[in-house]
Amino acid sequence: MRPWCLKTAIYLGKNLLLGGSLLLSNLLNTAFLAFAADEAPPRWAMLRRTCADFFKRMRQIHQDSFYNDHRDLEEYTYFFGHYFDAAVSALRAHEVWLDSGAGAGTALMQYLEQYPAGGKVVGTGLRLKDADRARWEEGRQRYPHRMSYQVGPMEHGPPARWQIFGEHYQLITDVFGPIVYTHRPDRLVRRYGELLIPGGFLMLIIDVNNLLIVDRWKVRWPLQDWILAWRGFELVEDPLFFQASEAIFLPVILRRTFEEVAIPPLKPLMDCFQVGCPPQRAFMWEDLL
């Protein structure tokens, strides 16, 4: 075969392989959303599972470094920048930082060490591993009046269960925490709003590929549109810049206002979960016209 023929064949082969992979990716993504509805026929059940598993495997490589129980303060600063540094450094002795999905509480313990005259900390989580429980007990013995932990889903039960060290919090963070794992993110965000004092900050990190929002016609909507519809919060950064963000790990920094909290309800459609991987869930934005 002549050299130019060989080069042409290699070039066409690479482009066909790339085009085929992109086509397969788009097909699987479309199929996941199209058959996320409850009325999906049984013959699509295997395809639904295959699509969700495919996306989790593809994302697991870069998620492993963030979905862990030992995030430190530097990682919070990495995602939230100077907004986070300013919020934690401004906490006074009677004020409280709530870290939802705190894991082993590494960041909270670092804060207590770096700010001995600072505020108090509360960690929450859906469960507590035995190794992490020992770390928390050690921290509570060192800081008996500045550290506490509560286990359970925050979106359930009365708000008083989560009002530790006082009635309201000045800072709430959720970094790859319950906002990614809950079946009712709308109720969870409303609970965050109930616990925050006006002027307090809510800082979230959301993987946009793990929280899919569709309308009643199963058309996918940007996650930013749902967030911008929240009442009782104001976005710290420019809404136009926020809406145009193409980040996979979306940082959301909000300030609590005096307005009553109202979060557009989401109806769970489908979820796929495997041990060691964050779930991928699809929700219907019910009141979206």
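Shown in residue order for the range 228-238 are the 3J(HN,Hα) couplings computed by the Karplus curve 6.51 cos²θ - 1.76 cosθ + 1.60 at θ = phi - 60°: 5, 8, 5, 10, x, 9, 10, 6, 6, 8, 4 Hz (x for Gly and Pro).
Since only Ile205, Leu188, Pro144 are under comparison, the one whose Cα sits farthest along the positive direction of the charge dipole of the range 130-289, derived from C-beta charges on Lys, Arg, Asp and Glu, is Pro144. 3J(HN,Hα) couplings calculated from phi for the range 181-186 with the Karplus curve 6.51 cos²θ - 1.76 cosθ + 1.60 (θ = phi - 60°) are, in sequence order, 9, 6, 7, 10, x, 5 Hz; Gly and Pro show x. Of interest is the spacing of the C-alpha centroids, which for the range 249-269 and the range 163-177 amounts to 15 Å. Each of Ala160 and Leu240 was given a label point 7 Å from its Cα along the Cα-to-Cβ line. The distance between the two points is 4.8 nm.
Phi-derived couplings, Karplus 6.51 cos²θ - 1.76 cosθ + 1.60 at θ = phi - 60°, listed residue by residue for the range 248-259: 6, 9, 8, x, 10, 10, 10, 10, 6, 9, 7, 6 Hz, with x used for Gly and Pro. Under 5 Å between amide hydrogens, built in the peptide plane, is the criterion, and for Trp97 it picks out Lys120, Val121, Val122 among residues at least 5 positions away or on other chains. The distance linking the range 179-235 with the range 90-111 is 22 Å (Cα centroid to Cα centroid, whole angstrom). Distances between placed amide hydrogens fall under 5 Å for Met270 paired with Ala282, all partners being 5 or more residues away or on another chain.
Since every read-out is calculated from the coordinates, none of them should be taken as a lab result. None of these values were measured; they are calculated from a predicted model. Quick reminder, even Gly has a Cβ in these numbers, built from the backbone with ideal geometry, and neighbours come from all protein chains shown.
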